[in-house]
Amino acid sequence: MTTTERSPYKVIGTRPIRPDGVEKVTGKAQYGADVRLPGMIHGRLLRSPHAHAYIRRIDTSAAEKMPGVLAVLTHHDFPAARDEMQELGEGAVNLKELSDNILASDKVLYRGHAVAAVAALSPHQAEEALKKIVVEYEVLPPVLDVMDAMRPDAPLLSETRFTREMTGQKSEKPSNIASHLQFKSGDVEAAFAEADAIVERDYTTKMVHQGYIEPHNATASWNADGTITIWTSTQGPFVVRAQVAEVLRHPISTIRVIPMEIGGGFGGKIPIYLDPVAALLSKKSGRPVKVLMSRTDVFEASGPTSGTHIALKVGVKDGVITAVKADLAYEAGAYAGSPVGAGALMMLSPYNIENFQIDGYDVVVNKPKTSAYRAPGAPAAAFAIESALDELAHKIGADPLELRKKNTAREGTRRVDGTAFPRIGHEECVDAALNSAHYRSPIEGPNRGRGVASGYWINAGMQSSVVAAVNTDGTVNLIEGSTDIGGTRASLAMQLAETLGLPFDVIRPTVADTDSVGYNDVTGGSRTTFASGMAVHEAGLDIQRQMRERAAKGWGVAADAVSYADGRVTLKTDSETKELSFAEIAKKAASTGGPIVGRGSLTARGAGAAYATHIVDVEVDPDTGKVTILRYTAVQDVGTAIHPSYVEGQIQGGVVQGIGWALNEEYYYDDDGRMANSSYLDYRMPTALDVPMIDAVLVEVPNPGHPYGVRGVGEVPIVPPLAAIANAIADATGHRFTSLPMSPRRVVEELHGLS
Amino acid sequence: MAMVIVPAPLRDLCGGAARLDVAGATLEELLRNVDALCPGFYGRVIENGQVRPEVAVAINGEAANYPLFEPLSPGSEVTIIPAIGGG
Amino acid sequence: MEAFDYLAPHSLLEAYAALGNGRRSLMLAGGTDVIVQLREDRRHCDQLIDLKHIPEMMSMKLTPEGRLEIGAAKPLAEIYEDGEIARRFPALIDSATIIGGTAIQSRASFGGNLCNASPAADSAPALMALAARLVIGSSRGTREMPVEEFFLGPGRNALQPDELLLQVIVPAQPAHSGAFYHRFIPRNEMDIAVASAGARITLDAAGERIESVRVALGAVAATPLMVAGANTAVVGKPPTAETFALAGQAAAELATPITDMRGSIAQRKHLASVLTVRALEGALLRLRENH
């Protein structure tokens, strides 16, 4: 449902069939694993069986003699990487760590860490050859948990890593804590001293994976002229290009990255893993090489999100949240770079709180290097604060939504970093939740409970570039460089159709490769419909201008005498009205100045932040501990919903991932650092049978920073579910769970005192 | 005058101040002027002519890849936050 | 995956001959486990012997006395789609319909599920509760054993290297009896049992006293487990919640589970009791519905 009033738009807000829909449902769409090239051979990687070890020696000689083998690769084949940070399109990357994560050099830092690669005529030959590679390891004790890793006597992942402060100071001794950050305001201790009620708890979450269906893949052809072509599944072909160029020390202009259709990413398809390996195997073998990950590889060696430990203390006085003290420790995985900064920055953003001190710690552990995962850092932080607020509401006898409304952030409220919010929609979300049919209905029956929670995500702008070429039949080819994960071919084509006053189906969107369109940042940060949408709008205005000029020239008037609206150029004088349609001008392009091409290229500013408030009803089986989601309502400020079905889809998808995170998903490690559940059988993501229809309530508070009011919508829906479900379980059982997942095992052990 | 919101870890450089009103028509000018009041501040934010990779500059609440010549208007609010990635 | 030969004998004699040719053999029935295991390097063979072309392996017969004989490679879907079998052996259908999804069920077989010898195999507790027997053959002849004696440990069964599992025989069920199988999984589908229980209850003619129960558990020990103590605890008693709780207690006491990514020792012992009670309740309900 939506709460929109009458729309001023003709195309925006409708629900056309996506341009890529037919190809996808008929199986014709080409994904990375579908790439087949003449002479193509198959690459496979050898991965470390140890979570933490020095590599003393790698002997590949026997593997090189195996049948069908055309190339074998170790880190020695990579150019020496510089130990320095570089901005490569998605945050800064340490080049040596980037290179070492692709093929380990001196040390393996997690089980599954790649150490060598083979290319052979068949995948089976490549697999058999891997078994002949001899790697001598000196095995070290692994450290797997963030709190263990922070202890002074913990095994060190790197002897040269010191804790960095924003001040530039470094710790005296090497540490697994890569950095510390802090947000602070007011007098926290004084506020606690005056509080009516205080909740103090430790919250923990486990490492979880994005769970995209499609494993990572890369096919590369190192061509005779020294150019490289890469076909891959990625959220950002330009980031792949930049990172491959850096790892291989190869000029960026000689690398062409062709983004294939993408079977899910959620942040996990931003880093590169296989692309440089496929490229070098191709160079060595002289053949195109395709490399695929198995599902186990994906779990063990791609980029899940952090396990976390958050120590939190919250105080209220007269119903006002007056004090928060929080220590957030996030697992970065093998190399520094957890999303603890985002967690710390965003955890209090739905609220106006005067006194707080938030400390964040980025901690390396012997697990895969974490990557972005949908609102990275925010869900764990929201799990903590939103659980604590629920307990406080009960303590002071307040309705949990009323407590959130009373303390809501509004325009002008300062975020923890001190900046003032522009127009935001949290209060509207809480109001819509309070007034929803769901919240107003009673929750009845034994073992049932209801929970609510809010969430915030900052959203991104960044760079986008598009070209729109007008065809002589009045259609428009829209060339964009943002890979389409969530229906953005549709949402961008719709914005161009709206700008040009044309029907949706005359716009033909295509996602182009890195040789065929200007630079685009990744499809991530909920930015594509927002930022590429702005570029599309700019390209549409460019076409409008050219159409007006052509028509005006024909009529012998100045361009500013004519107007463009509803797909027509109009000249109005006292005596007459002349009109030319878009198609008529397009048809005559050859004789009026040549092809009409619009362009839009920009760094988008003004990404509005996203807020959401969720309501969930659960039933807990007291004998088995199994939690059933009975009803779920997700209220979200979506700015303007360009294609409401895909906005609802984003919200529903985020909620489902949140349900999985809350109830069952976790990296389950044995003591040696082996993930014991690296399959979809045992890594228990929800299936369609585990979730009810999720009711998405779209609150449309248009973003003033976008021509059509767009806000990013994709990430914030995963922020509230963890706490909302914990709060519902507490309501149903009287037991407060502060550790995820709230699996049947943990629930039944808690309810029956079994552990 | 723009307002600089001093991040908690850098307040020691600024005598404990959480906010400063400082003149500056561009980001570069502003940060230089802050550095005059809080020695060392500029170097914590800028390295080799660019914002350091581990931090981001937010102007009026929006973090972006600002150039040093980014113009500021009177009343602009500038702060330094940890770099954030999105999924 | 290593290269291997594929053999498709059309008779048991041909199959026995292939088994005796001195090469490492694995059997292919539905292939839903063995193909995956081969691909993931968890099992190895020189030859894969496809049993689906052998008529005895694909047969299914319900005798006039009510005894069911199922060829070991018979796909599960063909079993549960048979209305008469579904009516007479609902507990069998309880398990056949939850082994994998629809696509798996159109290939997978009871024989394959049993030979795989997973402690969590869904077919095992159901067949054990129904007092099913297995027919095992080789060039030396055939032999029979109760299902519960077939499992030796995780992935290990009682077959000799030259033997094949030929048939699953479910005897005619006693009068005044009902049976039920279920498992506990954290999700609602696409999952493997954390613990499971099958139960058959037989009452006296008056329907007032328990004549016998057969309770079997899955995933709570190194093999599927027959809970003899459940029968001892309840025989002669009225079929009430209190009585069933005694059977549940016997089940929990017998269970020797492990802690792994699917569940903990404490959880599984607790579930052994809960699932036993609920299985007996389900069996009793079926018994009552039939009278």
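The values are calculated or read from the model by the stated rules, or taken from the named source; none is laboratory data. Remember, predicted model here, so these are calculated numbers, not experimental data. Please note: Cβ atoms are built from the backbone with ideal geometry, for glycine as well, and neighbour counts cover all protein chains shown.
Tabulated results
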item	result
Residue count, region A:266-295 (criterion: charged (D, E, K, R) and within 24 Å of the chain's Cα centre (by Cα))	3
Residue in region A:527-548 that is in contact with a strand residue (DSSP E or B) (Cβ under 7 Å, 6 or more places away or on another chain), hydroxyl-bearing (Ser, Thr, Tyr) and surrounded by 24 or more Cβ atoms within 10 Å (Cβ to Cβ) present	yes
Residues that are more than 13 Å from residue A:388 (Cβ to Cβ), buried (at least 24 other Cβ atoms within 10 Å of the Cβ) and β-branched (Val, Ile, Thr), drawn from region A:307-321	A:308
Filter result (exposed (fewer than 15 other Cβ atoms within 10 Å of the Cβ) and closer than 16 Å to residue A:166 by Cα) within region B:1-14	B:12
Qualifying positions in region A:192-220 - more than 30 Å from residue A:262 (Cβ to Cβ) and in contact (Cβ under 8 Å) with a residue 24 or more places away in the chain	A:192, A:194, A:195, A:196, A:197, A:198, A:199, A:200, A:201, A:202, A:203, A:204
Helices (runs of 4 or more DSSP H) fully within region A:381-489 counting 3 or more residues that are under 29 Å from the mean Cα position of the chain (by Cα) and of a type outside the set (Ser, Thr, Tyr)	A:400-406, A:426-434
Leading residue by the ranking (nearest to residue A:387 (Cα to Cα)) among those in region A:730-755 that are of a type in the set (Val, Ile, Thr) and in contact with a strand residue (DSSP E or B) (Cβ under 6 Å, 6 or more places away or on another chain)	A:738
Residue check for residue A:570: farther than 30 Å from residue A:404 by Cα and β-branched (Val, Ile, Thr)	yes
Restricting region B:1-31 to residues that are hydrophobic (A, V, I, L, M, F, W, C) and part of a helix (DSSP H, G or I), the residue that is nearest to the other protein chains (Cβ to nearest Cβ)	B:8
Members of region A:401-459 found to be within 14 Å of chain B (Cβ to nearest Cβ) and on the phi > 0 side of the Ramachandran plot, listed by number	A:412, A:418, A:459
Selected residue [assigned to a loop (DSSP other than H, G, I, E, B) and on the phi > 0 side of the Ramachandran plot] from A:303, A:263, A:267	A:267
Options C:121, C:131: the member that is surrounded by 24 or more Cβ atoms within 10 Å (Cβ to Cβ), in a loop (DSSP other than H, G, I, E, B) and in contact with a strand residue (DSSP E or B) (Cβ under 7 Å, 6 or more places away or on another chain)	C:121
Count of residues meeting criterion [in contact with a helix residue (DSSP H, G or I) (Cβ under 7 Å, 6 or more places away or on another chain), under 28 Å from residue A:373 (Cα atoms) and of a type in the set (A, V, I, L, M, F, W, C)] in region A:222-257	11
Single unsatisfied condition, residue C:152 versus (1) modelled with pLDDT of 95 or more; (2) assigned to a loop (DSSP other than H, G, I, E, B); (3) within 20 Å of the chain's Cα centre (by Cα)	(2)
Pairs with Cβ under 9 Å, 6+ apart, first in region A:439-458 and farther than 17 Å from residue A:611 by Cα, second part of a strand (DSSP E or B) and polar (S, T, N, Q)	A:439/A:633
Condition met for residue C:273 (within 18 Å of residue C:119 (Cα to Cα), polar (S, T, N, Q) and more than 20 Å from the chain's Cα centre (by Cα))	no
For residue B:37: the one exception among (1) over 11 Å from the mean Cα position of the chain (by Cα); (2) closer than 30 Å to residue A:187 by Cα; (3) surrounded by fewer than 16 Cβ atoms within 10 Å (Cβ to Cβ); (4) at the interface with chain A (Cβ under 9 Å from one of its Cβ atoms)	(4)
Residue check for residue A:667: of a type in the set (Ser, Thr, Tyr), within 14 Å of another protein chain (Cβ to nearest Cβ) and either over 22 Å from residue A:436 (Cβ atoms) or outside any loop (DSSP other than H, G, I, E, B) (or both)	yes
Residues satisfying the stated conditions in region B:40-87, i.e. outside any loop (DSSP other than H, G, I, E, B) and more than 8 Å from every other protein chain (Cβ to nearest Cβ)	B:41, B:42, B:45, B:46, B:47, B:51, B:56, B:57, B:59, B:71, B:78
Leading residue by the ranking (surrounded by the most Cβ atoms within 10 Å (Cβ to Cβ)) among those in region A:164-178 that are more than 7 Å from chain B (Cβ to nearest Cβ) and under 22 Å from residue B:46 (Cβ atoms)	A:178
Residues that are under 23 Å from residue C:42 (Cα atoms) and either more than 12 Å from chain C (Cβ to nearest Cβ) or of a type in the set (Val, Ile, Thr) (or both), drawn from region A:130-148	A:132, A:133, A:134, A:135
Single residue of region A:675-688 satisfying the filter (modelled with pLDDT of 95 or more and not hydroxyl-bearing (Ser, Thr, Tyr)) that is surrounded by the most Cβ atoms within 10 Å (Cβ to Cβ)	A:675
Tally, over region A:739-755, of residues that are within 18 Å of residue A:665 (Cβ to Cβ), more than 7 Å from chain C (Cβ to nearest Cβ) and part of a helix (DSSP H, G or I)	2
Criterion violated by residue C:78 - all others in (1) acidic (Asp, Glu); (2) at pLDDT 95 or above; (3) surrounded by fewer than 16 Cβ atoms within 10 Å (Cβ to Cβ) satisfied	(3)
Test: residue in region A:499-520 that is modelled with pLDDT under 95 and within 14 Å of another protein chain (Cβ to nearest Cβ)	no
Residue A:524 more than 30 Å from residue A:562 (Cα to Cα), surrounded by 24 or more Cβ atoms within 10 Å (Cβ to Cβ) and either in contact with a strand residue (DSSP E or B) (Cβ under 7 Å, 6 or more places away or on another chain) or small (Gly, Ala, Ser) (or both)	yes
